[in-house]
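Written below as structure tokens is the structure these notes are about.
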Amino acid sequence: MNWRLAWRAALVATTVALAACGGDDDEKDGGGGDPIVEGRPGLGRNESAPEGATFTLPQGLELEQPIHGYNDSDPTDCDNKYEDEAKGQGENVRLCLIFRNTTNGPITLQLPPGLIFVSRNRAVQNGMLAQRVSIEVPAGERFFQPLFLYCVNSERHGARPEESFELGPVTQYKDFQELFRLLETKTITSTNFPIVDQAMTDLSDGVGLSSSLRAQLDAL
């Protein structure tokens, strides 16, 4: 594939992902007023705190919080790590994780599918992993890692660099767990991730997976 075709494919993927997640909407406010509580907590239109199993970091590993959005065009605040060094997939929730390993040896961190990163701003998407991510954090240093996530709130806007997030729980809903099992052996790329993005959006909105979307996921 030449660079023009690659660029076109990436542009199409981004457009589809923005449509699935609601995209960046500057007219949306900062989430003031009473939270919306319909649906599952923290997913879709529900503005409550997400629910799930508690995720705990390995002993000796610290994560700086709040976590801030990742700046694709100028990753200076993420130790100049560009997109090719990122983990995960997703267009609208891109974060820069900053770890500190206080031990004398490297720590391999496993982030499970279903792990949610919770926005402090109710007008901004929460993000969720759909596949396991492995991060090796070197000993005794401050380590920066861009992490890309799927959006789970279709009516909110994406994460800007100035937005703040916190490490949240791991979702336990059966339909999400089924999706994660379907994706365990799949290779998700910057061109096919919108299929997964649509699945995550549908589940978070309480729609469920259509037969056509299941077929697309099986074909990944």
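The values are calculated or read from the model by the stated rules, or taken from the named source; none is laboratory data. The structure displayed is predicted, hence computed values, not measured ones. Here the Cβ is made from the backbone with ideal geometry for all residues, glycine too, and neighbour counts use every protein chain on show. Just so you know, the surface numbers come from the protein's heavy atoms only, side chains and all, with ligands and any DNA or RNA stripped out. Shrake-Rupley method; radii C 1.70, N 1.55, O 1.52, S 1.80 Å.
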FRET efficiency estimate (nearest 0.05) - Cβ-Cβ, S134 to T191, R0 30 angstrom: 0.85
Cut-off 20 Å (backbone N to label point 7 Å along Cα→Cβ of D218), residues of region 176-191: 176-188
Descending semi-axes in whole angstrom, ellipsoid equivalent of region 146-189, from the Cα gyration tensor: 23, 14, 11
FRET efficiency, 1/(1 + (r/R0)^6) with R0 22 Å, evaluated for E51 and E184 via beta carbons: 0.40
5 angstrom amide H check on S164, placed H, neighbours 5+ away: R120, N121
For region 40-84, alpha-carbon Rg relative to the globular expectation (2.2 N^0.38 Å, N residues): 1.63
Kirkwood Rh and Cα Rg combined as Rg/Rh, region 90-220: 0.99
Globularity index of region 76-161, i.e. its alpha-carbon radius of gyration over 2.2 N^0.38 Å: 1.13
Kirkwood hydrodynamic radius (C-alpha pairs) into Stokes-Einstein, region 57-117, 4 °C and 1.567 mPa s, D in µm²/s: 99
Cα pair distances of region 30-138 binned at 5 Å [whole percent]: 2, 10, 18, 22, 21, 14, 8, 4, 1, 0
Under 5 Å, built H, 5+ apart or other chain: amide partners of L109: I135, E136, V137
Distance (nanometres) between label positions extended 7 Å along Cα→Cβ at T108 and D175: 3.5
Integer Hz, Karplus 6.51/-1.76/1.60 couplings in order for region 152-166, x for Gly and Pro: 10, 9, 5, 9, 9, 8, x, 7, 8, x, 7, 6, 10, 10, 10
Rounded to the nearest 10 Å², the accessible area of R132 at probe 1.4 Å: 140
